[in-house]
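Heads up, the thing below is written out as structure tokens.
The values are calculated or read from the model by the stated rules, or taken from the named source; none is laboratory data. Note that the structure is a prediction, hence the values are computed from the model and not measured. Ideal geometry is used to build each Cβ from the backbone, glycine not excepted, and the neighbour counts take in all protein chains shown. Surface accessibility is based on the protein's heavy atoms, side chains included, excluding ligands, DNA and RNA. Shrake-Rupley method; radii C 1.70, N 1.55, O 1.52, S 1.80 Å.
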Amino acid sequence: MSDSNSKNLGGLFDSQPLAGQHALITGGSRGIGAATSNALAALGASITLLARDVGKLKLQSDHLQAEYDAKVFYASTDITSEEDIADSFTQCVKANGAIDILVNNAGIGKSAPFHRMDLDFWQATMDLNLTGTFLCTKQVFEAMRERGYGRIVNIASTVGLRGYPYITAYTASKHAVVGLTRSLALEVVKKGVTVNAVCPGYTETDLVAEAIDNIVDASGRDGGDVKSEIENMSPMGRMVTPEEVAESVAWLCLPSSASITGQSIVVAGGSVM
Ligand code: NDP
């Protein structure tokens with residue numbers, strides 16, 4: 001959709017408020033990214049999915065086409081590679097048109113005590129979570145400014161808003177994503193482009209399953225006990241679901257969310273207030 005006035009009509013009560021829009025989701029093959037692609041496709045957007053594993057991308061693409069009749073483009077892309085990113089963004093614009101919505105979701109959340117963390121560990125986290133967000137945003141930013149419309153949503157974390165032990169690199173990267181979000185939002189506040197962060201608490205995805213496995217390997221503890229401990233860290237007594245995070249992302253992507261910018265929306269069952 002190119003007419004920004006008609007975009008402004010799309011709100012909660014339209015069944016397909018994102019019809020004619022193109023949404024790109026990094027890390028869209030599984031977890032929060034896949035749930036977000038479902039939510040945006042259900043609202044009528046055409047979808048681009050980027051991640052590395054082409055088999056998982058194809059599975060999610062097939063799902064979007066079968067379930068929502070969505071127009072889908074996907075490309076195996078390492079979000080730490082500037083060259084990969086440039087290629088994939090160029091191809092997806094050819095396939096689905098200019099990007100109206102960018103969801104910077106690809107991320108890793110590995111843990112290590114600071115005294116055992118080396119530069120490679122630190123850099124790998126920053127390269128994906130922070131520099132990947134920067135590089136992907138660079139791909140769409142000028143075009144969104146010129147067209148006078150855009151929605152950028154960065155998936156940060158509650159660790160973007162407070163500290164936790166043993167995840168200093170992850171915490172630093174997500175604080176930086178929140179900072180980038182706030183400053184960038186102000187740069188385009190009069191240009192029809194919003195920039196927001198969504199900050200989930202522990203969410204039931206592969207990322208948390210891997211974290212539980214690592215704790216089990218390192219401590220010999222029972223996996224079920226570790227999972228219960230994580231669930232009980234939330235006042236809700238359970239983890240967030242990927243779909244709950246996706247609903248918040250989708251709301252920020254609505255044309256009618258034009259006045260919500262620079263925000264960090266916490267989806268964490270009261271864990272952070
Ligand atoms: P998952 O591990 O379930 O999924 C990660 C996605 O990112 C996959 O599609 C994966 O595909 C992709 N990805 C990973 N590395 C790269 C890379 N180098 N290049 C391109 N794509 C990549 O994670 P979640 O869904 O849990 O996490 C999504 C986001 O949400 C992350 O930014 C995470 O920090 C954040 N988050 C997650 C929380 C949680 O508890 N789960 C809580 C708070 C924030 P592939 O491996 O094929 O590349």
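Remark on T77: its backbone amide H falls under 5 Å from those of A51, R52, a criterion applied only to residues 5 or more positions apart or on other chains, H modelled at 1.01 Å from N. Database remark: amide H of I265 closer than 5 angstrom to the amide H of A197, V198, C199 (H placed geometrically; neighbours at sequence offset of 5 or more, or on other chains; Pro and chain starts carry no H).
In terms of packing, defined here as the mean over residues of other Cβ atoms within 10 angstrom, the peptides 211-219, 190-198 line up highest first as 190-198, 211-219. Once both labels are positioned 7 Å from their Cα atoms along Cα-to-Cβ, the gap between K191 and D62 label points is 4.0 nm. Of the accessible area of the chain, computed with a 1.4 Å probe over protein heavy atoms only, carbon and sulfur atoms account for 52 percent. Here the scattering of the chain is modelled by Debye summation over its C-alpha atoms, one equal scatterer each and no solvent; at q = 0.09 Å⁻¹ the log10 of I(q)/I(0) is -0.39. Axis angle, to the nearest 10 degrees, between helix 223-232 and the longest C-alpha principal axis of the chain: 60 degrees.
Taking every protein chain into account, the accessible area of the stretch 170-213 amounts to 42 square angstrom per residue (probe 1.4 Å). Under 1.5 on a/c is rounded, so check that first for the stretch 232-273, then, if it is not, pick prolate when a/b is larger than b/c and oblate when it is not; a ≥ b ≥ c are the square roots of the alpha carbon gyration tensor eigenvalues. Cα axes put the stretch 232-273 in the oblate bin. For the chain, lysine pairs with C-alpha atoms less than 21 angstrom apart, excluding pairs fewer than eight positions apart on the same chain, total 13. List residues of the stretch 185-206, by number, whose backbone nitrogen lies under 14 Å from a label position 7 Å along Cα→C-beta of D222. Residues passing the 14 Å test: none. A simple packing score, the average count of other Cβ atoms within 10 Å per residue, orders the peptides 46-57, 24-35 as 24-35, 46-57, with the highest score first.
Can you tell me the 0 to 90 degree angle between the C-alpha axis of helix 31-42 and the longest principal axis of the chain, rounded to 10? So the inclination is approximately 20 degrees.
Taking 0.36 nm per residue of separation and subtracting the current Cα-Cα distance, fully stretching the chain between D87 and E243 would add 53.2 nm. Remark: the chain carries a charge dipole of roughly 780 debye about the Cα centre, counting +1 on each Lys and Arg Cβ and -1 on each Asp and Glu Cβ.
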